[in-house]
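**Q** Here it is, the structure in full.
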Amino acid sequence: MPVESFLIAIPPILVYVAVGLVIGIESFGVPLPGEIVLVTSALLSSQPEFGISPWGVAIGAATGAIIGDSIGYAIGRRFGKPLFERLGRRFPKHFGPHHVLFAERVFTRYGVYAVFFGRFVALLRILAGPLAGALKMQYGKFLAANVLGGIVWAGGTTAAIYSLGIVAEVWLKRFSWIGLLVAMLGGLTIGYLVKRKTERMARRYAEEEAEELADELAADEPAPAGGSAGA
C-alpha cells in the first residue's frame, strides 16, 4: 500500500504516531523511509479535507527523531564499533564500509555539530545516534544537539512542505490532486538527490582514506638494499 493511501486511511492522531514511530526507528539505525513519511504527512496536512494538523506532524516527527537518536546513542555506546560491522553485513546499502567511514570522519572532524547537521543528511540521519555513542561523545552535548536538530529538521521540513502544498493548491485549485502530486514528487526528488550526493561524498572519502593508508604503508616499508658489492 502506498504511503499516502495508508496515511489517508487512518485517523489523524494515528498519522502523528506513525510519523513518530517510523522516524524514531529510522533514527536508531533501522533504514526506514522516515523522510518520505514526513514529507507525505506534511503535504496531506495542507489539504483541509484530511483533518491532519501540521503541528501534529511536526511534533510527532521531532519526538520520534529525538527519542530514536537517544536510543541509537545508547545502542552504539553499549556495542561500540563492532556493531557497524554486523550492520554492514546486514544492510550493505546503508552501513557499508565507505558509509561508516564517511560518517566517522565527519564526526571526528566536526564533533557535536555533526549531530545537529546530520539530521538533514540521509546517511548521517541513520548513523548519527549509534555512531555518537560508539565514539563515546559526551551525552549532554549529544542530547542538546539532538534535541535542537530534531526540532529544526522536523519543524522546518513540515513548514516548508506544508507551504509548498498550500501554494500548489492555490495555483492548481481546480486540480488539487495534481497539485498534491506535483508537490510530493518535488519533495521526494529533492530528498533523492541529496541522498545520491551523500553517497558520492561517502565513496570519495573512502577512496581518499584508502589512498592515505596506502601512502602511509608505503612510507613505512624499509627501503630496498641498494648499491652493488664493493670493489
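**Q** Given the conditions (1) touching a Phe, Trp or Tyr at 6+ places or on another chain (Cβ under 8 Å); (2) modelled with pLDDT of 75 or more; (3) within 24 Å of Val19 (Cβ to Cβ), which single one is not true for Arg105?
**A** Exception for Arg105: condition (3).
**Q** Give me the residue from segment 138-151 that is in contact (Cβ under 8 Å) with a residue 40 or more places away in the chain and hydrophobic (A, V, I, L, M, F, W, C) and, out of that set, nearest to Arg105 (Cα to Cα).
**A** By that ranking, first place goes to Phe142.
**Q** Here is a follow-up. How many residues are assigned to a helix (DSSP H, G or I), more than 15 Å from Ile66 (Cβ to Cβ), among the aliphatic types (A, V, I, L, M) and within 14 Å of the chain's Cα centre (by Cα) if we restrict to segment 96-125?
**A** 7
**Q** Can you name the number of the only condition in (1) under 17 Å from Ile23 (Cα atoms); (2) modelled with pLDDT of 85 or more that Leu124 fails?
**A** So the condition that Leu124 fails would be (2).
**Q** With the requirement that a residue be closer than 19 Å to Ile13 by Cα and of a type in the set (Gly, Ala, Ser), what does segment 58-74 give you?
**A** Selection gives Ala58, Gly60, Ala61, Ala62, Gly64, Ala65.
**Q** In segment 21-44, which residue that is modelled with pLDDT of 90 or more and surrounded by fewer than 24 Cβ atoms within 10 Å (Cβ to Cβ) is farthest from Ser5 (Cα to Cα)?
**A** Result: Ile25.
**Q** Another one. Among residues belonging to segment 45-59 that are surrounded by fewer than 23 Cβ atoms within 10 Å (Cβ to Cβ) and under 22 Å from the mean Cα position of the chain (by Cα), point out the one that is nearest to Ala74 (Cα to Cα).
**A** Ile59
**Q** Looking at (1) farther than 30 Å from Met137 by Cα; (2) more than 17 Å from the chain's Cα centre (by Cα); (3) part of a helix (DSSP H, G or I), which one does Thr40 not meet, given that it meets all the others?
**A** (2)
The values are calculated or read from the model by the stated rules, or taken from the named source; none is laboratory data. Only a predicted model underlies this, so the values are computations on that prediction, with no experimental measurement involved. Every residue, glycine as well, gets a Cβ built from its backbone with ideal geometry; the counts of neighbours run over all protein chains shown.
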